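Derivation of every value follows stated rules applied to the coordinates shown; laboratory data play no part. Nothing here was measured: the structure is a model prediction, and the numbers come from that model. Positions of Cβ are backbone-derived with ideal geometry, glycine not excepted, and every protein chain shown enters the neighbour counts.
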Amino acid sequence: MLDLKGYEGALMEGAWVTIEVALLSLLLAVALGLLGALAKLSSFKPARWLATGYTTVIRGIPDLVLMMLIFFGGQVLLNNSLYSINQRLNDWIGGGNPDHQWVSYVPDYIEISPFMAGIITIGFIFGAYMTETFRGAILAVDKGELEAARAYGMNPLLVFRRILFPQMMRHALPGLGNNWLVLLKTTALVSIIGLDDMVRKASLAAGATQLPFTFYLAVAIIFLLFTTLSTSMLKWAERHYAIQTR
């Protein structure tokens, strides 16, 4: 039994933050993946080019670099843009007269929290991988079923909800499951930008007690529990969709 020197509660708090970041990132990644897959299969060329550029760029840059870029570089870019907008509005409305400055409702400064930066970064990264997963799954769906649904008079939204999505998920689940397991482990990177997740809590505890092996082993065991539970749930989902198909 590991002796965590009273830091059990801190590690559990960090584990909860890790799960929150992972689940919210997954939601963003799935939404971006569906949009990206539909865009890549669209007959509208700009949408295809945009989706292709997104997947190419995101998959070609290391995750840590993207996280630092969004957290630090994105924050600077956003706030410089807000400052420029306020200055232009003041010049336009006040006419350059300091006595007639416009009271702006546009904030001068927005701070991106490590929590939001982690979710946005991980969601954007895995949205690119989900795009390819969903694109392959959509291509695997029998086109005859889609044509029959349209001939029956279903609108595009109903075709997607009743025919395409259930069939697609059966083919997408293996890839979706692999992406989720990698995403879950990627959340460890958010400790780099100061978020008090499980890894950062373990790092602080290891520094205070001089027991790095103990605390990082505890983190490894918790991640292993998360991935084992996820694997069991994914197997259930695969059986569920297989039964629906039969």
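At 24 Å minimum axial length over the Cα atoms and a Kyte-Doolittle cut of 1.0, report the qualifying DSSP H helices in the chain, or say none.
The qualifying helices are 8-40, 114-140.
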Could you line up 232, 203, 25, 42 from fewest to most neighbouring Cβ atoms inside 10 Å? 232, 42, 203, 25
Loop trypsin sites (Lys or Arg not before Pro), the stretch 11-92 (other Cβ atoms within 10 Å of the site Cβ: 15 or fewer; DSSP): none
Between 211, 35, 181, which gets the highest mean-square fluctuation from a Gaussian network model of the chain, Cα cutoff 10 Å? 211
Note the full-extension length gain between residue 140 and residue 45 as 0.36 nm times their separation in residues minus their Cα-Cα distance, in nm to one decimal. 32.0 nm
Counting residues in the stretch 1-72 as N, plug N into 2.2 N^0.38 Å and put the Cα Rg over that result. 1.66
Relative contact order of the chain: what whole-number percent is it, with Cα pairs under 8 angstrom and at least 6 residues apart? 30 percent
Taking the beta-carbon count within 10 Å as an exposure proxy, list 57, 21, 219 from fewest neighbours to most. 57, 219, 21
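Placing unit charges on C-beta atoms (Lys and Arg positive, Asp and Glu negative, everything else neutral), compute the dipole magnitude of the stretch 165-246 about its Cα centre in debye, rounded to 20.
Taking the Cα centre of the stretch 165-246 as origin, the dipole is about 300 debye.
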Compute the label zone of residue 185 within the stretch 46-79: residues whose backbone N is under 16 Å from the point 7 Å along Cα-to-Cβ. 63-64
Starting from the Kirkwood Rh over alpha-carbon pairs, what translational D in µm² s⁻¹ does the stretch 1-43 have by Stokes-Einstein at 25 °C and 0.890 mPa s? 188 µm²/s
For the chain, with the dipole built from +1 on Lys and Arg beta-carbon atoms and -1 on Asp and Glu ones, taken about the Cα centre, which of 24, 149, 136 lies farthest toward the positive end? 149
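Let's see if you can work this out: charge +1 on each Lys and Arg Cβ, -1 on each Asp and Glu Cβ, no other charges. What is the dipole magnitude of the stretch 108-204 about its Cα centre, in debye to the nearest 20?
So the magnitude is around 340 debye.
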Label residue 64 and residue 110 with points 7 Å out from Cα along Cα→Cβ: what is the distance between them in nm? 2.9 nm
Among 35, 226, 169, flag the residue with its Cα farthest along the positive direction of the charge dipole of the chain, charges on Cβ as +1 for Lys/Arg and -1 for Asp/Glu. 169
The chain, Cα convex hull volume normalised per residue, Å³: 185 Å³
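Work out the length of the dipole vector of the chain about its Cα centre, built from +1 on the beta-carbon of each Lys and Arg and -1 on the beta-carbon of each Asp and Glu, and round it to the nearest 20 debye.
For this selection, approximately 1140 debye.
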